[in-house]
Amino acid sequence: MSASVFLISTIFNLYLMVVILRLWLQLVHADFYNPLSQFVVKATHPLVGPMRRIIPSLGRFDTATFVLAVIVAFAKLATLSFMFGSGLSNPLAVFLLAVIDVVKETFSLIFWVLILRAILSWVSQGASPIEYVLHQLTEPFLAPIRKIIPPIGGLDLSVLVAIVALQFIQLLIQDTFGLY
């Protein structure tokens, strides 16, 4: 049973991360023609495209993509509930858990993008398209940190500070609301 839960959760979470990545790419105005951006758009457009006709954007915030993220999280929780639980006894509670799941996966995605950017900065021999998009995604977090803590001896500590701050915020939310 735990293997089935793992497989179902992983499949839904991977697609949820792609949907969240689409929203994030739009918010930072990342390069649309980048191969990673193109993959994200092509993987999500069959569902986001029709939703955009119904759900308008709020300024730069793509509401349709956010709604899709909540729907994917809701579908994951509903699938797990039907397969291993008693079904949807309280759809409103499952909806709230889906929103919490989207927030949790957003923090997880930010963490992994920061880790990937740090690793690529150590081993990259040149500017790759993936590295460029990761820079566009993370620079809104890292630039303010660099203003406070500049690179010391060529060592940029902004990624480390951002990861520690992200973990702190996750634990604070967990402790405050009793989540996760």
Using the Kirkwood formula on alpha carbons, the hydrodynamic radius of the stretch 1-79 in angstrom works out to 13.3
Rounded to the nearest 20 debye, what is the charge dipole size of the stretch 1-92 about its Cα centre when +1 sits on each Lys and Arg Cβ and -1 on each Asp and Glu Cβ? 140
So, with a 1.4 angstrom probe, what is the percent of accessible area on the chain that is carbon and sulfur? 74
For the chain, what is the calculated [θ] at 222 nm in deg cm²/dmol (nearest 500), taking -39500 (n - 2.57) for each run of four or more DSSP H residues and dividing by its residue count? -27500 deg cm²/dmol
Compare the Cα positions of Val67, Val5, Leu166 along the charge dipole of the chain (+1 at Cβ of Lys, Arg; -1 at Cβ of Asp, Glu; about the Cα centre) and return the one farthest towards the positive end. Val67
For the stretch 81-180, what is the charge dipole size about the Cα centre, in debye to the nearest 20, if Lys and Arg each add +1 at the Cβ and Asp and Glu each add -1 at the Cβ? 120
Rg and Dmax of the stretch 88-171 over Cα atoms: what are they, in angstrom? 16.4, 58
If packing is taken as the average number of other Cβ atoms within 10 Å across a peptide's residues, how do 89-100, 61-72 rank, most packed first? 61-72, 89-100
Once Leu166 and Ala75 are pulled to full extension, the length gained, defined as 0.36 nm per residue separation minus their Cα-Cα distance, is 30.1 nm
Here the FRET efficiency for His135 versus Thr176, based on Cβ atoms and R0 = 41 Å and rounded to 0.05, is 0.80
Show me the ranking of peptides 139-146, 15-22, 106-113 by mean Cβ neighbours inside 10 Å, starting with the highest. 15-22, 106-113, 139-146
Along the Cα-to-Cβ line of Val103, 7 Å from the Cα, sits a label point; which residues in the stretch 66-80 have backbone N less than 12 Å from it? none
Magnitude of the charge dipole, the chain, Cβ model with Lys/Arg +1 and Asp/Glu -1, debye to 20: 300
What accessible area per residue, rounded to a whole number of Å², is obtained for the stretch 95-180 using a probe radius of 1.4 Å? 62
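The values are calculated or read from the model by the stated rules, or taken from the named source; none is laboratory data. Since this is a predicted model, take the numbers as computed values, not measurements. For neighbour counting, all protein chains shown are included, and Cβ atoms are generated from backbone atoms with ideal geometry for every residue, glycine included. Only protein heavy atoms, including side chains, enter the accessible area calculation; ligands, DNA and RNA are left aside. Shrake-Rupley method; radii C 1.70, N 1.55, O 1.52, S 1.80 Å.
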